[in-house]
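In what follows, a single structure is set out as structure tokens and then discussed.
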Amino acid sequence: MRITALAGGVGGARFLRGLRTHLDRTPGLDDTELTVIGNTGDDISLFGLRVCPDLDTLMYTLGGGIHEGQGWGRADESHRVQGELAAYGAVPQWFGLGDLDLGTHVVRSQWLGQGVTLSEVTERLSRRWGLADHRVRLLPMSDSPVETHVVVEDEEGQRAIHFQEWWVRHQAAIPAQRFVAVGMDRATPAPGVLDAIRQADVVLLPPSNPVVSIGIILGVPGVRDALRGTAAPVVGVSPLIGGLPVRGHADACLSAIGVEATASAVAGLYEDFLDGWLVSEEDAEGVRLPRATVQGRPLLMTDRDAAADIAGAALDLALQLARR
Ligand code: GDP
Ligand code: CA
């Protein structure tokens, strides 16, 4: 079987690690190939280095190197380089860059500087983490740089800032007026992205941020059409539990685009291609969708087993829908 998923960082990565666990321990499913299309709208250049936060979170989580407590960055990390940068007064200081993590960004930047595409760079980096051995293929949504910027307004006036500055530095506390995916007009899907959607047996949307993770990937020309046209059932998992994001500020992102923070309204963003929608049990009663099948169940990924159960439920729903 071939499963394709669209994913942001922590929410996507934990779900997909659960999915891989579920597949590996289910007889007949262990040879399933999983293709992950990662959001690159969070990417940023810092200190001359190209940083791809969501791709790295996916790679470290699926490859066994993630900092479990944080959900992003490397396990057993230290911050000596960052201390040196601060001693020189180098800015910005609000973005955490660990020493081990910096190794990834240095290598990535070197290869990109040599003209290697981000897809190829991602494949080379993933090799070290053994993703292919786990039947996981990690693709950036696009090889062209796309950066999510946020139009904000406060006492300093109206301006656009990088998504990371809004999210990490300001903790999404300055009201966002809108998001602009800079570079999207010139972007094309990375090699393999559209085929992975068209040729999948199942397409899954993990509980990633619907606006700045999944929403950005859906903006890559051709991706949305591929989802509408694929023969595979498309099943999503709600990132909201009782109308609140489990972590992060998805509610602030939804309010910026004028969408209510409810499981129904998030599904509405995927209305034209969504076949199944997994929501938290307490939300299930209020969700009525014109064309997607809704199922309620516990959706908190408290640990790897809980994530595996949720992913298994999403896959089962997709397989039921496929047989129709
Ligand atoms: P990011 O790029 O690191 O922000 O990660 P994603 O975009 O992949 O995922 C962020 C979303 O994951 C947030 O909106 C959270 O509400 C959601 N999320 C995180 N943990 C859980 C969980 O245990 N269950 C569910 N249903 N959603 C979760
Ligand atoms: Ca992200």
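The values are calculated or read from the model by the stated rules, or taken from the named source; none is laboratory data. Remember, it's a predicted structure, so these values are computed and weren't measured experimentally. Every residue, glycine among them, receives a Cβ derived from its backbone with ideal geometry; neighbour counts consider all protein chains shown. Keep in mind that these areas ignore ligands, DNA and RNA; they rest on the heavy atoms of the full protein, side chains included. Shrake-Rupley method; radii C 1.70, N 1.55, O 1.52, S 1.80 Å.
Among (1) out of contact with any Lys or Arg (no Cβ under 9 Å at 6 or more places or on another chain); (2) surrounded by fewer than 20 Cβ atoms within 10 Å (Cβ to Cβ); (3) of a type in the set (A, V, I, L, M, F, W, C); (4) outside any loop (DSSP other than H, G, I, E, B), where does LEU138 come up short?
(2)
Which residues, taken from the range 64-93, are within 16 Å of ligand 2 (Cβ to nearest atom) and either on the phi > 0 side of the Ramachandran plot or open to solvent by 40 Å² or more (accessible area, probe 1.4 Å) (or both)? Walk me through how you get there before you give the answer.
The initial filter retains those residues of the range 64-93 that are within 16 Å of ligand 2 (Cβ to nearest atom), namely 66-67, 70-73.
Once the filter is applied, which keeps residues that are within 16 Å of ligand 2 (Cβ to nearest atom) and either on the phi > 0 side of the Ramachandran plot or open to solvent by 40 Å² or more (accessible area, probe 1.4 Å) (or both), the range 64-93 yields HIS67, GLN70, GLY71, TRP72, GLY73.
Of all residues in the range 105-131, count the ones that are touching a strand residue (DSSP E or B) at 6+ places or on another chain (Cβ under 8 Å) and acidic (Asp, Glu). Working first, answer last.
As a first pass, look at the range 105-131 and keep what is touching a strand residue (DSSP E or B) at 6+ places or on another chain (Cβ under 8 Å): 105-106, 108-109, 112, 118-119, 122-123, 126, 131.
Okay, now just the ones that are also acidic (Asp, Glu), so 123.
Going through the range 105-131 one residue at a time, the tally reaches 1.
What single numbered condition from (1) away from ligand 1 (no atom under 13 Å from the Cβ); (2) part of a loop (DSSP other than H, G, I, E, B); (3) closer than 29 Å to HIS134 by Cβ fails to hold for GLY89?
(3)
I'd like the residue in the range 175-231 that is in a helix (DSSP H, G or I) and touching a Phe, Trp or Tyr at 6+ places or on another chain (Cβ under 6 Å) and, out of all such residues, is most open to solvent (accessible area, probe 1.4 Å).
Applying the first criterion (in a helix (DSSP H, G or I)) to the range 175-231 yields 184-186, 193-198, 214-218, 223-229.
When the remaining residues are screened for being touching a Phe, Trp or Tyr at 6+ places or on another chain (Cβ under 6 Å), the result is 227-228.
Working: LEU227: 4, ARG228: 123 Å².
The qualifying residue most open to solvent (accessible area, probe 1.4 Å) is ARG228.
Do the conditions hold for VAL107, that is, is it more than 16 Å from ligand 2 (Cβ to nearest atom) and modelled with pLDDT under 95?
On the way: more than 16 Å from ligand 2 (Cβ to nearest atom): yes; modelled with pLDDT under 95: no.
Judged against the criteria, VAL107 is not a match.
Could you tell me which of the residues GLY258, GLY296, GLY236, GLY248 is within 16 Å of ligand 2 (Cβ to nearest atom) and not in a helix (DSSP H, G or I)? Outline the logic, then answer.
Values: GLY258 fails: within 16 Å of ligand 2 (Cβ to nearest atom); GLY296 fails: within 16 Å of ligand 2 (Cβ to nearest atom); GLY236 fails: within 16 Å of ligand 2 (Cβ to nearest atom).
Result of the check over GLY258, GLY296, GLY236, GLY248: GLY248.
For the range 248-292: of the residues being within 14 Å of ASN209 (Cβ to Cβ) and among the hydroxyl-bearing types (Ser, Thr, Tyr), which is most open to solvent (accessible area, probe 1.4 Å)?
Here the residue is SER255.
If we keep just the residues of the range 293-306 that are over 27 Å from THR230 (Cα atoms) and of a type outside the set (Lys, Arg), which is least open to solvent (accessible area, probe 1.4 Å)?
So in the range 293-306, the residues over 27 Å from THR230 (Cα atoms) come out as 298, 300-306.
Among the residues that remain, those that are also of a type outside the set (Lys, Arg) are: 298, 300-303, 305-306.
Numbers: PRO298: 70, LEU300: 94, MET301: 45, THR302: 103, ASP303: 83, ASP305: 80, ALA306: 21 Å².
Within the range 293-306, the match that is least open to solvent (accessible area, probe 1.4 Å) is ALA306.
Give the residues of the range 307-322 that are open to solvent by 20 Å² or more (accessible area, probe 1.4 Å) and touching an Asp or Glu at 6+ places or on another chain (Cβ under 9 Å), sorted by residue number.
LEU319, LEU321, ALA322
When only residues in the range 27-63 that are assigned to a loop (DSSP other than H, G, I, E, B) and more than 15 Å from ligand 1 (Cβ to nearest atom) count, which is surrounded by the most Cβ atoms within 10 Å (Cβ to Cβ)?
Within the range 27-63, the subset assigned to a loop (DSSP other than H, G, I, E, B) is 27-32, 39-43, 47-48, 52.
Among the residues that remain, those that are also more than 15 Å from ligand 1 (Cβ to nearest atom) are: 27-32, 47-48.
On the way: PRO27: 5, GLY28: 8, LEU29: 16, ASP30: 12, ASP31: 9, THR32: 19, PHE47: 17, GLY48: 9.
So, considering only residues that are assigned to a loop (DSSP other than H, G, I, E, B) and more than 15 Å from ligand 1 (Cβ to nearest atom), the one surrounded by the most Cβ atoms within 10 Å (Cβ to Cβ) is THR32.
Could you list, ordered by first residue, the pairs with Cβ atoms under 7 Å in which the first is in the range 20-44 and over 27 Å from VAL180 (Cα atoms) and the second is among the basic types (Lys, Arg) and within 15 Å of ligand 1 (Cβ to nearest atom), at least 6 apart or interchain?
Correct list of pairs: THR21/ARG304.
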